[in-house]
Amino acid sequence: MSAKGLEVIDHTVQLTHEWINELRDRLGWASARDALRLLRVTISAIRDHLSHDEAAQFASQMPILIRGMYYEGWKPSSTPITDRNVGDFLARIEGEISGVAEYQGHGDIGAVFHLLNGRISTGEVADIRGGLPKAIRDLWLEP
């Protein structure tokens, strides 16, 4: 039991660190902060292409702290995005992580997809991928 009796908070902090550290290791990056930034912008870009129900189902499988970042700044009335262009998807992510010296292009976004394959249920990954345009889905290899 945690010292304050708030095990749910201790647990979500631990899980969040696990997700971030796994992604940082997959990327080979030194900065956990930059890995978290890439995770946050990528899951937000995915979210904005999904129906509201699917976006909520996706979020339900995330640690609470990551889920909060996922929902931060979301404008449901503006989603799902009707522009289904992979170039715009990549440009959005790359625009939001500009200044990350270790970023090497869309292969790093693939590392986020790989992380999600291992952390989100296979059925949910299939549902999420199914809600994305084919060109974006092609970036996210099946688990």
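The values are calculated or read from the model by the stated rules, or taken from the named source; none is laboratory data. Remember, predicted model here, so these are calculated numbers, not experimental data. Don't worry about glycine lacking a Cβ; one is built from the backbone with ideal geometry, like all the others, and counts go over all protein chains shown.
Going residue by residue through the stretch 52-63, is there one that turns out to be more than 18 Å from S121 (Cα to Cα) and at pLDDT 95 or above?
Within the stretch 52-63 (the criterion being more than 18 Å from S121 (Cα to Cα) and at pLDDT 95 or above), the answer is yes, since at least one residue qualifies.
Give all pairs with beta carbons closer than 8 Å in which a residue from the stretch 113-138 that is without any contact (Cβ under 8 Å) to a residue 24 or more places away in the chain and part of a helix (DSSP H, G or I) meets a residue that is of a type in the set (D, E) and surrounded by fewer than 18 Cβ atoms within 10 Å (Cβ to Cβ); count only pairs at least 6 apart in sequence or on separate chains.
These pairs meet every condition: V125/E142; A126/E142; R129/E142.
When only residues in the stretch 43-72 that are of a type in the set (S, T, Y) and crowded, with 18+ Cβ neighbours inside 10 Å count, which is farthest from Y103 (Cα to Cα)?
By that ranking, first place goes to Y70.
Name the single residue, out of those in the stretch 22-35 being touching a residue at least 24 places away in the same chain (Cβ under 8 Å), among the hydrophobic types (A, V, I, L, M, F, W, C) and farther than 26 Å from P133 by Cβ, that is surrounded by the fewest Cβ atoms within 10 Å (Cβ to Cβ).
Looking at residues that are touching a residue at least 24 places away in the same chain (Cβ under 8 Å), among the hydrophobic types (A, V, I, L, M, F, W, C) and farther than 26 Å from P133 by Cβ, I get A30.
Of a type in the set (K, R), surrounded by fewer than 13 Cβ atoms within 10 Å (Cβ to Cβ), free of Cβ contacts under 8 Å to residues at least 40 places away in the same chain and not in a loop (DSSP other than H, G, I, E, B): does that describe R40?
no
Condition first: crowded, with 17+ Cβ neighbours inside 10 Å, over 12 Å from T42 (Cβ atoms) and either modelled with pLDDT under 95 or not aliphatic (A, V, I, L, M) (or both). Can you find one or more residues in the stretch 81-96 that meet it?
no
Restricting to the stretch 1-41, count the residues that are modelled with pLDDT under 95 and among the hydroxyl-bearing types (S, T, Y).
2
Taking D108, is it in contact with a Phe, Trp or Tyr (Cβ under 9 Å, 6 or more places away or on another chain), in contact (Cβ under 8 Å) with a residue 12 or more places away in the chain and within 20 Å of E142 (Cα to Cα)?
yes
Looking at the stretch 96-112 only, could you name the residues that are under 13 Å from the mean Cα position of the chain (by Cα) and within 14 Å of W29 (Cα to Cα)?
D108, I109, A111, V112
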